[in-house]
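The values are calculated or read from the model by the stated rules, or taken from the named source; none is laboratory data. Given the structure is predicted, the values throughout are model-derived calculations rather than measurements. Reconstructed Cβ throughout: ideal geometry from the backbone, glycine too, with neighbour counts over all protein chains shown. Ligands, DNA and RNA are excluded from the accessible area calculation, which covers all protein heavy atoms including side chains. Shrake-Rupley method; radii C 1.70, N 1.55, O 1.52, S 1.80 Å.
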Amino acid sequence: MLKKKMLKALTRQINEEMYSGYLYLSMESYFHSISLSGFATWMRVQAQEELAHGMKFYDYVNERGGRVILDTINRPDSEWETPLVAFEQIMAHEEKVTALINGLMDLAITEQDHATKIFLQWFVSEQVEEESSVGGVLNKLRLIQNDSSGLFMLDAEMAKRVFVLPAKG
Ligand code: FEO
C-alpha cells in the first residue's frame with residue numbers, strides 16, 4: 001500500500017504527464033498550421049509518449065492499491081513565434097519534468113518506498129533520453145535560424161519518428 005504522501009505526489013505526476021500530452025498536441029496543431037508536417041508528426045509521437053507516461057503512473061498507483069483522484073489539466077499555449085521558440089519551451093518544460101521526477105525519487109528514498117524507487121528508475125532514464133533528443137533538435141534549429149531550406153530538411157527528418165509503446169514495468 002502506498003503511503004499518503006507518496007500517493008499524492010504520484011497522482012500529481014499523472015496530471016503533469018497528461019498536461020505534457022496536451023502541450024505537445026497543441027504544438028502538433030501549430031506545426032500543421034505552418035506547413036511543417038514532419039514537426040507535427042514528431043509532436044504527435046511526443047504527445048502519445050506523454051499520455052503513455054501518465055498511464056504508467058496511473059497503473060502503478062492502482063497496482064499499489066491507491067485511489068486515483070484526477071485533477072483539472074491546465075490549458076497549454078497555442079501559439080509560438082517560431083519553431084525555435086516552441087523548442088525552447090519544450091526544453092524548459094522537460095527540464096521541469098526531470099526536476100519533478102527527481103523530487104519523486106527523493107520522496108521515495110525518504111519514505112523508504114523501495115518499490116516506487118524501482119518504478120521511478122525508468123522515468124529517470126527516460127528524462128535523460130528526452131532532454132537529449134529535444135536538445136538535438138534545439139541545436140539544429142539554432143544553427144538553421146530562419147533559413148527555410150534548412151527548416152524543410154529538418155522537417156523531413158522529424159517526420160521519421162514513430163511511436164513505440166513503452167514497456168510495462
Ligand atoms: Fe513524460 Fe516528457 O516527460
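Among the residues of the stretch 132-159, those identified as under 25 Å from K56 (Cβ atoms) and open to solvent by 50 Å² or more (accessible area, probe 1.4 Å) are S132, S133. With the condition kept exactly as written, say whether any residue in the stretch 117-131 is modelled with pLDDT of 95 or more and farther than 30 Å from L7 by Cβ. No, the stretch 117-131 has no match at all.
Rundown of residues vs (1) touching a residue at least 60 places away in the same chain (Cβ under 8 Å); (2) more than 21 Å from E88 (Cα to Cα); (3) hydrophobic (A, V, I, L, M, F, W, C), yes/no style:
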| site | (1), (2), (3) |
| --- | --- |
| L104 | yes, yes, yes |
| E111 | yes, yes, no |
| T116 | yes, yes, no |
| F123 | yes, yes, yes |
| G136 | no, no, no |
| R142 | no, no, no |
| L151 | yes, no, yes |
| D155 | yes, no, no |
| M158 | yes, no, yes |
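Evaluated against (1) open to solvent by less than 70 Å² (accessible area, probe 1.4 Å); (2) part of a helix (DSSP H, G or I); (3) touching a residue at least 60 places away in the same chain (Cβ under 8 Å), V61 falls short on exactly one condition, (3). Applying the criterion of being part of a helix (DSSP H, G or I), open to solvent by 50 Å² or more (accessible area, probe 1.4 Å) and free of Cβ contacts under 8 Å to residues at least 40 places away in the same chain to the residues of the stretch 26-46, the residue that is nearest to the ligand (Cβ to nearest atom) is H32. Check the stretch 134-150 and report whether any residue there is under 17 Å from the mean Cα position of the chain (by Cα), within 12 Å of the ligand (Cβ to nearest atom) and part of a helix (DSSP H, G or I). Scanning the stretch 134-150 turns up at least one residue that is under 17 Å from the mean Cα position of the chain (by Cα), within 12 Å of the ligand (Cβ to nearest atom) and part of a helix (DSSP H, G or I).
Checking E88, E81, E49, E95 one by one, the residue that is open to solvent by 20 Å² or more (accessible area, probe 1.4 Å) and either free of Cβ contacts under 8 Å to residues at least 12 places away in the same chain or of a type in the set (A, V, I, L, M, F, W, C) (or both) is E81 and no other. Scanning the stretch 64-76 for residues being open to solvent by 70 Å² or more (accessible area, probe 1.4 Å) and away from the ligand (no atom under 16 Å from the Cβ) gives a total of 6.
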